[in-house]
Amino acid sequence: MAQFTRREMVKAAGSAAGALLFMRGLLRGGTALAAPSRPGSPECVPPSPCSIRLPAKQGLKELIRGNKRFIKGQLTHQRQDPSRILEVSCGQRPFAAILSCSDSRIPPEIVFDQGLGDLFVVRLAGNILDDAAVASLIFGVTHLGARVLMVLGHDSCGALGAAVDGHEDVGDEGPYFPAALGPAVADANSDFGPFMLPQDRSQWIDRAIDENVYLAVEALKNLKSDALGCNPAFQDLVSSGELMIVGARYKLNTGEVVLLKHSDEPDGDPA
Ligand SMILES: [Zn+2]
């Protein structure tokens, strides 16, 4: 069974060579992300380059407030009307970037009650921080101006379940999820185990879900790459505190998003 340490995980994400290649392609082939789509329209005012819509702490507060509206069944469906379609047709300035699971029960725009152009979302089963996810998140932060970056795990994640069930099959020829999520599964077992399948399966998965978020947050905080586009260096934004990277977990039975302890949560209740 291959073993992955936190250091190896951070190093792998920190290299970001593949991430930068991905991002260059995104900038060349995907300029429609920020380019005017309706030039000449009087209503279409492109956002100024590198402008910041919300500072980090305010952005996090907005996410939490939106989640509280969601929990209470008080969705505003704000910024989802035809005028907003036109408003963002010529550019976007999302205030938050989110890495979340592809699970159909957790669409971030609904969970946080946000509209078009508010969130820059990367979704992969198991919220896996691979090279493409890293590059996309860097793009959302350094080029589009997001100043809060959330890694969002959730209860009963099927990808972590597959990773725990297949933890002995990790390797070059092994199934994808046990390999990609192996570090979180191993950390959960070493920190809180030893777990013995099958009786400890649920507890192991539950711990691995949080460990997977912690590892992604730690890796993002230790990224070594510079960014393209507007090009404020990602790590400078982290070290200065201008970018807030937080880990969180979605509660399936309540809809609540809970910030995890290892995150950069500001002192006190950000809401
Ligand atoms: Zn999941």
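The values are calculated or read from the model by the stated rules, or taken from the named source; none is laboratory data. Quantities reported herein were computed from a predicted structural model and do not represent experimental measurements. Cβ coordinates were reconstructed from backbone atoms using ideal geometry, including for glycine residues, and neighbour counts include every protein chain displayed.
Kindly indicate whether any position in the range 74-97 is within 16 Å of the ligand (Cβ to nearest atom), of a type in the set (A, V, I, L, M) and within 22 Å of ALA216 (Cβ to Cβ). No, the range 74-97 has no match at all.
Among residues belonging to the range 112-134 that are within 13 Å of the ligand (Cβ to nearest atom) and not polar (S, T, N, Q), point out the one that is nearest to GLY153 (Cα to Cα).
Among them, the one singled out is GLY126.
Checked across the range 144-165, the condition of being basic (Lys, Arg) and without any contact (Cβ under 8 Å) to a residue 60 or more places away in the chain holds for no residue.
Looking only at residues of the range 140-150 that are within 20 Å of PHE112 (Cβ to Cβ) and modelled with pLDDT under 95, we find that the one that is farthest from the ligand (Cβ to nearest atom) is GLY145.
Looking only at residues of the range 151-175 that are more than 15 Å from the ligand (Cβ to nearest atom) and at pLDDT 90 or above, we find that the one that is surrounded by the fewest Cβ atoms within 10 Å (Cβ to Cβ) is GLY166. Take the residues in the range 141-152 that are in a loop (DSSP other than H, G, I, E, B) and in contact with a helix residue (DSSP H, G or I) (Cβ under 6 Å, 6 or more places away or on another chain); name whichever of them is nearest to VAL122 (Cα to Cα). Here the residue is ALA146.
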